[in-house]
Structures are given as C-alpha cells and as structure tokens.
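Here the structure comes first, spelled out in structure tokens, and everything after it is commentary.
The values are calculated or read from the model by the stated rules, or taken from the named source; none is laboratory data. From a predicted model like this one, the values you see are computed outputs, not experimental measurements. Cβ placement follows ideal geometry from the backbone for every residue including glycine, while neighbour counts extend to all protein chains displayed.
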Amino acid sequence: MPGRPAAGRRQPPGPRGLPLLGSALDFRRDPLRTFVEAWRDHGDLVQFRGPVPVVLVTHPDHLRHILVDNFANYPHPDDFNRKVSVSVGQGLVTTEGEVWRAQRRTVAPTFRKEPLERFAGVMVDSAARMLDRWERVARYGEVIDARTEMQSLTLEILARCLFRADWSRDALRLGRAVGAQLEHINSKLIAVADIPERVPTPRNRRFRQARRLLDDTVYRLIAERRRRPQGEPEDDEDLLSTLMRTPDPETGHLMTDEQLRDQVVTLFIAGHETVAATLSWICHLLSTHPAETERARAEVLSVLGGRPPSKEDLPQLKYLKMFIQEALRLYPPLWQVARMPLEDDVLGGYDIPAGSFLLLSTYITHRNPAFWDNPEGFDPERFTRERSAGRPRYAYMPYVAGPRNCVGLAFATMELTIVVASILQRFHLDMVPGHPVVMQPDISLRAKYGMRMTLRPVTARGEVPPPPAPPAPVVEPEPAAGCPYSRATAESGGLTAR
Ligand code: HEM
C-alpha cells in the first residue's frame, strides 16, 4: 500500500483539493493539466492529497537522485508491478532486486547497438512495404490514420526481429493479442476498482482469451526453436534465438521457457506502442512544420539519394536525429514513470517517507522554461552541441536514465530513424483539415482521435507537388470537452506563463 507521509514532517507543497478525495478527480479527468497547473502553482516538487497521496517529481536534480544516485531505494511500486505482471509475467519491467538484475545483465547485451544493426534491413523492408501501400492510398486520394499505421508497422518490425520468418504465419493473431494485452494493462492502471482477472467480466474474458492466444503462440515458437539443432549463431539470427542461447554472464544459467515467454511479451508491450506513439507524433510534426521537414528531407536525400537507408547512413543523418530528439522532448511516450522508496529519504529539502507514491514526469521536465527556451516551440536545433551546452543532463530523458533506463533505446533509435527517413524519401504528409489532435495520457502519450492524414508522393528530387483538390469530407469527432490540449502542438500544457 502506498504510504501516507507521517504527520508533522515537512511535506512538499501542493493543492488542497477536495475533502477526502484531494486531487483524485482532477487526475482522472485530466492528468496532464493537473500536473501542469500544480507545477506552475507549487514548483518542482508537489504533494497531491487524496486516497493515494502522490508526489510529482520533475526537477532534473531530483530525477537524477531517484534514478541514478539512489536508484536501489526507488523500485517500481508493488501495485504497478502486480497489475502489469498479469500480462507480462515476471519480465524486465515488473521485477526488482536480484531477479531484475539477473534479467537485465542477460538481456541488455542483446540490445546493444552493434548486434542490433543486423535488423536494419528488416526495418527498411517493413517500412517500404507500408509505403508501397501508401502509394495506392495516395493515388486514390484516401485518408490514413497515422496512429494505426504506425501501430501495425512497429508491431510487425518487433515481431519480425523476435521471430524472423515465423512471424507472418501468426501476424494477425499476435497483433490482436498484443493490442488486447496493452489495453488491459492500461485500464487496470487507471481503474478506480481493480477487478481480479478471474471475475468473468467482458473485459477480463477478452484479456484471458488474448493471453491464452499469446502464450500458445510464443510457447509454440520457443518449442520449435528448441527442437532445431543448435549450431553457430547465424548473421540473421532473430532476437528469440539470441535470448535462448545467451547465458546469464554471472551464473551461466539459460532462460527457461517461462522466462523467455515473459521476456518476449514484455518486449512486445514495452517496445511497440512507445515507438508507434512517437512515430505518430512525428507524422503530425512533419505535416505542421514545413521548414524543419524540408530540411530533414534535404538531408535524407543528400545522404541517401533514392536508395534505402543502411546502418552506415544513420550517423550521417544529424538533423534528422535532432528532429526526432525534439519530437521525443515534446511528446515523451512514457510521460510519467512511477517509483516508491523503500526507505525514508529527503528530496529538495522535503521528507519523502518510505512507501510514498512518486510520479516522475518528463513531460513537465521537458517543458520547464528554466532549461528550454520557448519550450512549447518545435525547434530541433536546440539539440546542437552549442545550444545544449550548460543544459543539465537530466533535463532531457525520454528513455529515463540510470541502471533502469530503457533497454530498447538503441532499437528504438534505429527504428525511428529508418522509418522517418523512409517516409521523407517518398511522401509529404498533410493533416486532414479540422481533424482534432488531442493528447491522451494513457500508459503512453497517444493521439486520442488518431492522426488522419492525406499523402503526397514526393519526386525523386524531393519536390513536393502542390496539394490536390481538398480531400473528401470526413466526419470528425469532437475534441474532449474542456480539454485544453486540442490542437496539441501549440497549446499542449504550456508551462511558460508561470
Ligand atoms: C521511443 C521509444 C521508447 C521510449 C521513449 C521508451 C522509454 C522507456 C522508459 C521511459 C522506460 C523506463 C520505464 C520505467 O522505469 O518505469 C523504458 C523501459 C523499458 N523499455 Fe523502452 N522505450 C522505447 C522503446 C522501447 C523498445 C523498442 C523496446 C524493446 C524492443 C523497449 C523495451 C523496454 C524494456 C524491456 C524496459 C524495461 C527496462 C528495465 O526495467 O530494465 N523500449 N522504456
């Protein structure tokens, strides 16, 4: 159970909220606005009252203290691990202490930059297949939803990297099952009452069915691998095979089938929606920031010409790298992460008792005007070496930091760069006029109504043809009532008017 700060000790300031409920209703209604307003009114460390008191942490020094310097004192809250593990089991995300450490030292080497580079071709190929389909969409002047496009693409890429050739046979089943798992975790984390999975509600039934399907598929793929003769690793070995043959460097133990299953499902859950959400925000930025987009396109064309990107090209795409960094600053997919101290601590001069529920929000840190000029603006060049000088290291951390940072960082970086470069080579994206762009801060920061977009194929020289006649009218959903974040880029939770 999350602890209540002991009476009489020095607590961080925060909103009074309602009697008993504190800020609980505000959180449910609009967590981003609640964070932004509390930060503006109370500063870098905010104590929210309510049935579960929450401390909001956003200052880079405090983030460093929790994630790096005093990391061992700050595991995920038990409640988070319990809720997420109904789907992913005891994988990297949901374990702590020695169990987590053993998994991390076994899995991390597989996710280093160099061994992952063998998957560049898979990423290029999946992106090209999506873009070939887009050619037909563009020809008929149809509309895509970039959010669903990117979800399918990132799921396909991850599945092909994990299972190589076996993927296509199970693609549809796996895709649906992973989607259902993610939705279940999401609703469990925000639900007021956590209904156990054994209760036969429609949602639980869907979840159990999806979990069975996922388990059957993953266990079957593992069993098929186990039956194959074990030779030397091949250059195009998939991630599942690498994980199966990699021993714990300290104990020499190989992962059991159950451990492999949990790791594979963890990677699916942690590694597809995060990248998909980022890519769909990037699609939005590509359509709303023509100058920056054309600069990124010019760089891609000068480095690649018309050929597909290869791993050797990626370091040369320097402006594109900053474009992606800036997208992750404005729209960090994991916009908050939770931690709970094992022992009493002091942060910024305030007492943080053991068992306090801490939410670390990079969404706020990334928009703090103390570290970012014009924080609401889209300005990739703020990541040049000159302009980054003097900015605290922990003012920017979409992948968080310290021993428990994102193990998929190199994978995500390569995937984002390859997919965005491939899009730039072939298409210009236009938001459908009037489509509401609204941030939905679920477990990841998604576009609530998707991203409805039309496409203009660019010429081999990178010229963008003028827009065709206006697209066929579409029925648009209304923005969320009273939501200040509609038209997301300009108004998203501004922190500047402090
Ligand atoms: C834009 C893309 C991504 C972002 C912004 C991102 C961000 C993060 C963050 C912030 C965490 C820490 C969460 C916490 O401590 O509560 C995390 C952990 C993790 N991520 Fe990612 N992630 C991305 C892509 C990926 C990919 C592609 C994979 C795998 C293929 C992946 C696998 C993981 C795993 C397994 C963990 C848990 C690590 C541990 O606890 O040791 N992520 N990620």
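What to note about this one:
- Here TYR350 passes the criteria (1) within 15 Å of the ligand (Cβ to nearest atom); (2) under 23 Å from GLY43 (Cβ atoms); (3) touching a Lys or Arg at 6+ places or on another chain (Cβ under 8 Å) except the one numbered (1).
- In segment 237-261, the residues that are under 18 Å from ARG160 (Cβ atoms) and touching a Pro at 6+ places or on another chain (Cβ under 8 Å): SER241, THR242
- Residue check, ALA177 assigned to a helix (DSSP H, G or I) and among the small types (Gly, Ala, Ser): yes
- Of residues in segment 254-276 being in contact with a helix residue (DSSP H, G or I) (Cβ under 8 Å, 6 or more places away or on another chain) and of a type in the set (Asp, Glu), the one nearest to the ligand (Cβ to nearest atom): GLU273
- Of the candidates ARG426, ARG404, the single residue that is basic (Lys, Arg), more than 12 Å from the chain's Cα centre (by Cα) and either within 8 Å of the ligand (Cβ to nearest atom) or at pLDDT below 95 (or both) is ARG404.
- Among the residues making up segment 19-35, those that are of a type in the set (D, E, K, R) and touching a residue at least 60 places away in the same chain (Cβ under 8 Å) are ARG28, ASP30, ARG33.
- Candidates GLU156, GLU117 - the one that is under 19 Å from ALA412 (Cα atoms), within 16 Å of the ligand (Cβ to nearest atom), touching a Lys or Arg at 6+ places or on another chain (Cβ under 6 Å) and at pLDDT 90 or above: GLU117
- For segment 74-82, the criterion of being touching a residue at least 60 places away in the same chain (Cβ under 8 Å) and more than 11 Å from the ligand (Cβ to nearest atom) is satisfied by at least one residue.
- Residues (under 22 Å from MET130 (Cβ atoms), buried (at least 18 other Cβ atoms within 10 Å of the Cβ) and acidic (Asp, Glu)) located in segment 273-331: GLU273, GLU299
- For segment 183-193, the condition of being among the hydroxyl-bearing types (Ser, Thr, Tyr) and part of a helix (DSSP H, G or I) holds for at least one residue.
- For segment 88-103, the set of residues classified as more than 9 Å from the ligand (Cβ to nearest atom) and in a loop (DSSP other than H, G, I, E, B) consists of GLY89, GLN90, GLU96, listed by residue number.
- Taken together, the residues in segment 186-214 that are loosely packed, with under 15 Cβ neighbours inside 10 Å, touching a residue at least 24 places away in the same chain (Cβ under 8 Å) and under 22 Å from the mean Cα position of the chain (by Cα) amount to 1.
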